[in-house]
Amino acid sequence: MTDTKDKTTHFGFETVPEGEKAGRVQGVFSSVASKYDIMNDVMSGGIHRLWKDAMMDWLAPRPGQKLLDVAGGTGDISFRFLKRAGSGHATVLDLTEPMLVEGRQRAEAAQMQDSLDWVVGDAMALPFEDNSFDVYTISFGIRNVTRPQDALHEAYRVLKPGGRLMVLEFSQLPNPAMQKAYDLYSFNVIPRMGQIIANDRDSYQYLVESIRNFPDQESFLAMIRDAGFENAKYRNLTMGVACLHSGWKL
């Protein structure tokens, strides 16, 4: 049996020991935390807002539900969830405390702090009891997890029976020519934007590379099913630039 310290994983296009990835991801998001929301708007031309609205449309939050938003960063998904639900509670978990600090400030400004908790934690070892949440979301975060399959198993564990998993993540375009054009934009434009807006080219170079290493739609769907989720499905957004995956703990 291979010892964990000898296992490797991807950090962008670089191969690194598994034990190093979390710290390096933490460094990326600590560096860009204050400009993260602005960069999302600039990189996507605001389209990420439509993707998140589509996520809420499919999720259809109900009053009183308890959400766990993993890799929830500045709380964008949690704010949307609570507004759609009308009432309820959201727990935002993230590995990177500076991201949570930004989110907590947003919550206070919107007078929503009583409906939100902010927890520093690891998607692969959630600090919550079994069967604790009605909904689990992770948006543009699971590709940064060292072992995504472990995170999916943890999602299954903490959801209540009848609970819903929803993952929003960048994915692959089915048309090779369109994928090539998208790659040209991603690799040539996004790191430059990161340098200009966030003064951090390297972090955005990593983020672009991490998208290319993430499993395609069907492969990730199989991972969700392997974690125990049923009625698992996906919907492409913007021709597959992003994708929503859904599953139920039944």
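Derivation of every value follows stated rules applied to the coordinates shown; laboratory data play no part. Bear in mind the structure is a predicted one, so any value in this text is a computation, not a measurement. For neighbour counting, all protein chains shown are included, and Cβ atoms are generated from backbone atoms with ideal geometry for every residue, glycine included.
Residues to consider are G163, G247; find the one that is buried (at least 20 other Cβ atoms within 10 Å of the Cβ), within 23 Å of G72 (Cα to Cα) and out of contact with any helix residue (DSSP H, G or I) (no Cβ under 7 Å at 6 or more places or on another chain).
G163
Can you work out which of the residues in the range 71-86 that are in contact with a strand residue (DSSP E or B) (Cβ under 8 Å, 6 or more places away or on another chain) and not in a helix (DSSP H, G or I) is farthest from R49 (Cα to Cα)?
Step by step, filter the range 71-86, then rank; the result is A71.
Scan the range 172-186 and report the pairs whose first residue is within 24 Å of L221 (Cα to Cα) and whose second residue is loosely packed, with under 11 Cβ neighbours inside 10 Å, with Cβ atoms within less than 6 Å and a gap of 6+ or a chain change.
Filtered contacts from the range 172-186: no entries.
Mind checking which residues of the range 213-249 are among the β-branched types (V, I, T) and closer than 25 Å to A177 by Cβ? Walk me through it before giving the result.
Restricting attention to the range 213-249, the residues satisfying the condition of being among the β-branched types (V, I, T) are 224, 238, 241.
Within the range 213-249, T238, V241 qualify.
Could you grab me the full set of residues in the range 79-93 that are free of Cβ contacts under 8 Å to residues at least 40 places away in the same chain and either touching a Ser or Thr at 6+ places or on another chain (Cβ under 9 Å) or under 18 Å from L165 (Cα atoms) (or both)?
Within the range 79-93, the first condition is being free of Cβ contacts under 8 Å to residues at least 40 places away in the same chain, and the residues that meet it are 79-80, 82-90, 92-93.
F79, R80, L82, R84, A85, S87, G88, H89, A90, V92, L93, listed by residue number.
Quick check on the range 217-250: of everything there that is among the β-branched types (V, I, T) and assigned to a helix (DSSP H, G or I), which residue is farthest from L184 (Cα to Cα)? So that I can check it myself, show each step before the final result.
Step one: of the range 217-250, the residues among the β-branched types (V, I, T) are 224, 238, 241.
From what's left, assigned to a helix (DSSP H, G or I): 224, 238.
On the way: I224: 30, T238: 17 Å.
That would be I224.
Out of all the residues in the range 1-52, which are at positive phi and in contact with a helix residue (DSSP H, G or I) (Cβ under 9 Å, 6 or more places away or on another chain)?
Once the filter is applied, which keeps residues that are at positive phi and in contact with a helix residue (DSSP H, G or I) (Cβ under 9 Å, 6 or more places away or on another chain), the range 1-52 yields G12, G46.
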